[in-house]
Structure formats: structure tokens, C-alpha cells
Amino acid sequence: MANRLFRKKSVDQILSDAEKGGSGLAKILGVRDLISLGIAAIVGAGIFSTIGLASYNGGPAVSLLFVFVAFACVFTALSYAQFASTVPVSGSAYTYAYVTFGELFAWIIGWALVLEYAVSNMVVAISWSQYFVSMLDGFGISVPRWMTMAPGYAIEAHQKFLEVGLDKLEGIDKIALQAYETAPRIAGIPIILDIPAGLITVLVTWLVYIGIKESRKASNIMVIIKIGIILAVILGGIFFVKPENWTPFAPNGMAGVMSGVAAVFFAFIGFDSISTTAEECKNPQRDLPKAMIYCLLICAVLYVAITLVLTGMVNYKELNVKDPLAYVFSYVGFDHMAGIISVTSVIAITSALLVFQLAQPRIWMTMSRDGLLWKNFSKIHPKYKTPSFATIVTGIVVAIPALFFKMDFFVDLTSVGTFFAFILVCCGVLYMDHTGISKKSKFKVPYINGKYIVGLGFFIGLFLTYKYGGESLDEWMSMGSTAILLHKSLLIIFWLVWAVMSVLSFKYNFSLLPVTGVLINLYLMSELGASNWIIFIAWLLIGLVIYFAYGYKHSKLRNVEAGE
């Protein structure tokens, strides 16, 4: 059974299956279209929403966190680029895992990608709703508050009101309380839901359903608008920057900066989503690697610049808001600019929603093509040339939770699934190099021999931790074994993996860049809360139940090997 669980597909076999099963997709995307889709995915809810919370926790130093995370993503992007040039099909990390680690890992990655694409789109939809309602308010159009938010916000505000009274509530809590008090009730239960989040998901799903050409045009237009407004914020905001707002640079220390890992990393999620459009590219082996690297570098520069401008315009303590870009201009009295940002941010966030909604059905399509999901998921619409059934299911899966769940619940959970996929992709490149599959790659991660460097870095890391990490070591000493297992287990795993990588690098001359990608992503994972990992593990267990109930029996690779 173990052999069957870890059976692998060859590159030639995957390309052959894609040619037979995916010939209905329209090949129209060039490198500019791919860069546009990548920017559309990356520059979305992260820069328009979660960047505020990260700046509030970390202060101006959060700009360095953006540099660090971008640095981490570059290593991963190079690994994705090599895979995309080797296996130019729509499965993204799912397909890459099938080539390198076998079917069970491929399924696990495919299931984790549901968190990256579908669940992150719930965040994007909720963020879109917040900006849309804010925009309507600016035009004097008031939507009943019980129709514009998740019930959790309203219930929490009501509980807070009972505990501290109305005078102690902040503005956002008062709005949530209004939703609770004015909501219609059924059997005494208030009916509160985020209707705009559900509606925009339905509309974007319809656009993705009717064709990649229409999606491309819409994405390109929205990207031009969003880049224009971000540049306007940067260039216009420079004149309002007060250098004293950058002092202290890291008011809450490294702990405060690193607390924004999930929010900052969420802002970069998306560069890999363009790999799901491989079968709709004119020349995927040439264009996908270029597009991934270009869009990541462009967005990293924009993020760092805009973070420095935001924290320079107002004190970091003022940035714990859901619409930070519009807020800072209102704060300095430039209401006209704030209004423009509110309108254009609605368009900008829509483009991110579109790309993620484009990516998820193509993952399911590829899994279905391999027999691991039901056949309907791989059906291509005869007129629109899109995976029709998978697109509709994606719309339902995103729209319904977006109506009822809070945004912050999804942000960390999305990051867990993405880190997991990124690490396996980096490991996959090491496997391809070791087994010789990389000879078929038209793009390769630049090779730097890590034979001695990885191990040397391990000992330097231990020395620096011992010399300068006294507070952290004291904290460990004061914790019981249960607390260490619950809160520090990932950090222990990080050091163990680094030790193992040091030995393997010395033995097999591993390439330094993929190893660095593995270690950085694993370290960032260790900064996420234990509760997110518990939910993620539960999610994987559900996925494994589905795999053994259906996928294991219907796997086309298993049936071919069995002669069925």
C-alpha cells in the first residue's frame, strides 16, 4: 500500500495527460498578461487592508518585514519558476508534488491549496465589502449595517457594550452594535450577514466562468487603475511625511514586527497563482518564470515604499484600521484623495478576487483529471473554454463563508496552507536536481553549492541565538514541557530541519537557494499561532478522509499500473 500511496507521475506522463484532458482550454496569455495577473493577485486586500494592522503592531520597522518576506518569496518563486518550465500544466504545486513526492503528498498539497486560493478569497471578498460600504457612505448612500458584516463582529460589540458601556466603545464597535440592534430576528436570533461580500464573489465567479479572455481584459484594466492609485499614494503622501513618526522605528521590538508575519505574508500570496494558468499560456515554459519573478519584485518595491509613507504620514498607533490608505489622507485633511482611494480600492481588490477565483477551479480540474476528484470537476465548457463545474463550486465555497465569517479568522489559516505548499515546492527542486529531472527544465534555480554553507549557517545561527537571545532562552526555561510543545514545537522543528539539511547538503551538494527557501518559510511558519495549526491539521485530516474514500480507489495512475 505504501508504494501505491507514494507512486509518482513522470513529466512526460503529466504532459501527455494534460494534452489529452486539457486541450479545450484557450491558449491566449502572454508574459505581460501573466505579470498583470500576478500583480492583480498580490496587490489586493493585503496592501489595502492587512497592511494597517501589521504597521500598528510593528511600527515603521514593518517595512523591513516586507523586505524579509519578499526575500523569502524570491527563493520560492525561483523554485516555482523551475517547476513551471518543467511541468507546464495547470496543477501548480499539486502537480509538482506528484512528480517529486508521489500521489499522497500531491493530494495533501492540492487540499492545502484550497486554503491558499479559496479561503484567501474569502478574506479578499470581506475586505472588498468593507471598502465598498465605505465608498457608498462617502456618496451618502447608507446600507443597513446588519447587511454588511459577519455576525461575529456584531455579537462581540454587543458583549463589549454590556461589559463597558456605550461611552467606552470605539467607532467601529458602535457600527457593529448598531448592526446587532437593528437586525431583523428569527426566533430571537439576529440575522446578520455580509451581503456585499457574497454578491461580489458571485459576480466575479460569473466573469471567470464566461472565459479567460474576458478575465484577462478585466484584470489588465483593474491592474492599471490600482498601480496608478498606489503610485499616487506614494508620490502624494511623501509631502505629508513627518520623519519624527518613524521614531521609534521598532516600538514593540522584534516581537511586534514578527507578529505581523501572517498579515504581511498574506499580502504576498498570489505570485504562484499564475502557475495555474499554464495551459492557457502561449509559451508557458518561457513566460511563467519571467512573470513570477517580475511581478514579485515590482510588488515588493511598492509594498516597502507605501509602508514607509503610511508610517511617515501618521503615527503607527493610528493605523489599526481596515482602510489604512484612505484613512491616512483623511487624517491629514486631504479628504478628496481619501475619497478617490476608497473608490479605486474597490476596483483593485476586485482584481485580486478575480485571480484567486481563476486559480482554484484549475487546481480542482487537474486533480479530477488524475482521478482524485469527481469527473465533473475536469469538464471544460464547450463555448467558454473554462472548467465550468469547478468554477461554480468555487463560487459557492467562497461566497457562503464570506457571508458569515470574520476576516481575521481566515488570514492566519491561509498563510499556514501557503507556507506548507511553498516548503514542498522548494524541497521538490532539490529532489529534481538530485534525480536528474532538472535536465528537462528550461529554467533552473541558479546553483550555489550549499555543501558547507548550510552547515556553517546552522552553527552561526546557534551561536547568535545563544549570545543575543538571552530573553528567549529565559522564556524557554520558565515554560513547562506542555507549553513548549504547544507554542514552540514548530521552532524546534525548524532547528531540526536545519540540522538535517546541513547533513544532506554536505552529502549531496544541495543547491543553496532552495534550501534557504525551505528554512525561511519554515521559520515564518513558526511565528504563527498554535490554534491555526490545530485547524490546519483538522483540515488535512478531512482531506485524507476524502482521498481514501474516493481518490485512492479512482486514481488513474493506480489503475494504469494495475492494468485496469
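The values are calculated or read from the model by the stated rules, or taken from the named source; none is laboratory data. What you see is a predicted model; the values in this text were computed from it and never measured. No Cβ is skipped: glycine too gets one built from the backbone with ideal geometry, and neighbour counts run over all protein chains shown. For accessibility, only protein heavy atoms count, side chains too; no ligands or nucleic acids. Shrake-Rupley method; radii C 1.70, N 1.55, O 1.52, S 1.80 Å.
Of all residues in the stretch 133-150, which are under 16 Å from G198 (Cα atoms) and in a loop (DSSP other than H, G, I, E, B)?
V143, P144, M149, A150
Cβ-Cβ under 6 Å, sequence separation 6+ or interchain: first residue in the stretch 217-232 and open to solvent by 40 Å² or more (accessible area, probe 1.4 Å), partner part of a helix (DSSP H, G or I). Which pairs?
Listed by first residue and then by second, the contacts come to N220/S36; I225/T344; I225/I347.
Being in contact (Cβ under 8 Å) with a residue 24 or more places away in the chain, open to solvent by 40 Å² or more (accessible area, probe 1.4 Å) and of a type in the set (F, W, Y), is that true of even one residue in the stretch 156-173?
no
Looking at the stretch 361-369, can you tell me whether even one residue there is in contact with a strand residue (DSSP E or B) (Cβ under 8 Å, 6 or more places away or on another chain), basic (K, R), part of a helix (DSSP H, G or I) and open to solvent by less than 30 Å² (accessible area, probe 1.4 Å)?
There is at least one residue in the stretch 361-369 that is in contact with a strand residue (DSSP E or B) (Cβ under 8 Å, 6 or more places away or on another chain), basic (K, R), part of a helix (DSSP H, G or I) and open to solvent by less than 30 Å² (accessible area, probe 1.4 Å).
Out of N252, N220, N245, which single residue is closer than 30 Å to I28 by Cβ and either out of contact with any His (no Cβ under 9 Å at 6 or more places or on another chain) or among the small types (G, A, S) (or both)?
Just a single option satisfies the conditions, and that option is N220.
Any residue in the stretch 518-533 that is at positive phi sitting within a Cβ distance under 6 Å of a residue that is open to solvent by less than 20 Å² (accessible area, probe 1.4 Å) and of a type in the set (S, T, N, Q)? List the pairs, counting only those 6 or more apart or interchain.
none
Looking only at the stretch 120-152, how many residues end up being open to solvent by less than 20 Å² (accessible area, probe 1.4 Å) and either within 20 Å of S330 (Cα to Cα) or polar (S, T, N, Q) (or both)?
The qualifying residues number 7.
Return the total of residues in the stretch 65-99 being of a type in the set (A, V, I, L, M), assigned to a helix (DSSP H, G or I) and either over 16 Å from the mean Cα position of the chain (by Cα) or more than 17 Å from V515 (Cβ to Cβ) (or both).
10
Looking at the structure I just gave you, is I274 at pLDDT below 80, buried (at least 16 other Cβ atoms within 10 Å of the Cβ) and within 22 Å of S92 (Cα to Cα)?
When the stated conditions are applied, I274 does not pass them.
Could you tell me whether L296 is open to solvent by less than 10 Å² (accessible area, probe 1.4 Å), at pLDDT 85 or above, in contact with a Pro (Cβ under 7 Å, 6 or more places away or on another chain) and of a type outside the set (V, I, T)?
No: the conditions fail for L296.
Kindly indicate the residue of the stretch 259-304 that is under 15 Å from the mean Cα position of the chain (by Cα) and among the polar types (S, T, N, Q) and also nearest to S531 (Cα to Cα) among those meeting that condition.
Checked the stretch 259-304; the qualifying residue nearest to S531 (Cα to Cα) is S273.
From S49, S36, which residue is open to solvent by less than 50 Å² (accessible area, probe 1.4 Å), at pLDDT 70 or above and either of a type outside the set (S, T, N, Q) or in contact with a helix residue (DSSP H, G or I) (Cβ under 6 Å, 6 or more places away or on another chain) (or both)?
S36
List every residue pair whose Cβ atoms sit under 6 Å apart, with the two residues 6 or more apart in sequence or on different chains, where the first one lies in the stretch 372-393 and is closer than 15 Å to K213 by Cα and free of Cβ contacts under 8 Å to residues at least 12 places away in the same chain and the second, anywhere, is open to solvent by 20 Å² or more (accessible area, probe 1.4 Å) and small (G, A, S).
Within 6 Å, no pair qualifies.
Only one of these conditions is not met by F405: (1) open to solvent by 30 Å² or more (accessible area, probe 1.4 Å); (2) at pLDDT 90 or above; (3) within 17 Å of T201 (Cβ to Cβ). Which number is it?
Every condition holds for F405 apart from (2).
Between a first residue in the stretch 73-88 that is open to solvent by 10 Å² or more (accessible area, probe 1.4 Å) and modelled with pLDDT of 85 or more and a second residue that is of a type in the set (V, I, T) and not in a helix (DSSP H, G or I), which pairs have beta carbons less than 9 Å apart while being 6 or more apart in sequence or on different chains?
F75/V445; L78/V445
Just the residues that are of a type in the set (D, E) and under 33 Å from the mean Cα position of the chain (by Cα), please, taken from the stretch 153-190.
Those that are of a type in the set (D, E) and under 33 Å from the mean Cα position of the chain (by Cα): E156, E170, D173.
Among the acidic types (D, E) and within 30 Å of I349 (Cα to Cα): does that describe D167?
no
So that you can scan it fast, the table gives a plain yes or no per residue for (1) at positive phi; (2) modelled with pLDDT under 75; (3) assigned to a helix (DSSP H, G or I); (4) surrounded by 13 or more Cβ atoms within 10 Å (Cβ to Cβ):
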{"residue": "T482", "(1), (2), (3), (4)": "no, yes, yes, no"}
{"residue": "I493", "(1), (2), (3), (4)": "no, no, yes, yes"}
{"residue": "S502", "(1), (2), (3), (4)": "no, no, yes, yes"}
{"residue": "I537", "(1), (2), (3), (4)": "no, no, yes, no"}
{"residue": "Y550", "(1), (2), (3), (4)": "no, no, yes, yes"}
{"residue": "L557", "(1), (2), (3), (4)": "no, no, yes, yes"}
{"residue": "E564", "(1), (2), (3), (4)": "no, yes, no, no"}
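What single numbered condition from (1) open to solvent by less than 10 Å² (accessible area, probe 1.4 Å); (2) more than 30 Å from Y552 (Cβ to Cβ); (3) of a type outside the set (A, V, I, L, M, F, W, C); (4) within 21 Å of the chain's Cα centre (by Cα) fails to hold for N57?
It is condition (1) that N57 fails.
As an exercise: evaluate Q357 against (1) modelled with pLDDT of 85 or more; (2) farther than 23 Å from V123 by Cβ; (3) in a helix (DSSP H, G or I) and give the number of the one condition it does not meet.
Among (1) modelled with pLDDT of 85 or more; (2) farther than 23 Å from V123 by Cβ; (3) in a helix (DSSP H, G or I), Q357 violates only (2).
Which members of the stretch 439-480 meet the condition of being open to solvent by less than 30 Å² (accessible area, probe 1.4 Å), in contact with a helix residue (DSSP H, G or I) (Cβ under 6 Å, 6 or more places away or on another chain) and modelled with pLDDT under 90?
The one that is open to solvent by less than 30 Å² (accessible area, probe 1.4 Å), in contact with a helix residue (DSSP H, G or I) (Cβ under 6 Å, 6 or more places away or on another chain) and modelled with pLDDT under 90: S441.
Answer yes if at least one residue in the stretch 346-368 is touching a Lys or Arg at 6+ places or on another chain (Cβ under 8 Å) and farther than 29 Å from V69 by Cα, and no otherwise.
yes
Within the stretch 370-397, count every residue that is modelled with pLDDT under 90, crowded, with 24+ Cβ neighbours inside 10 Å and not in a loop (DSSP other than H, G, I, E, B).
Of the residues in that region, 1 qualify.
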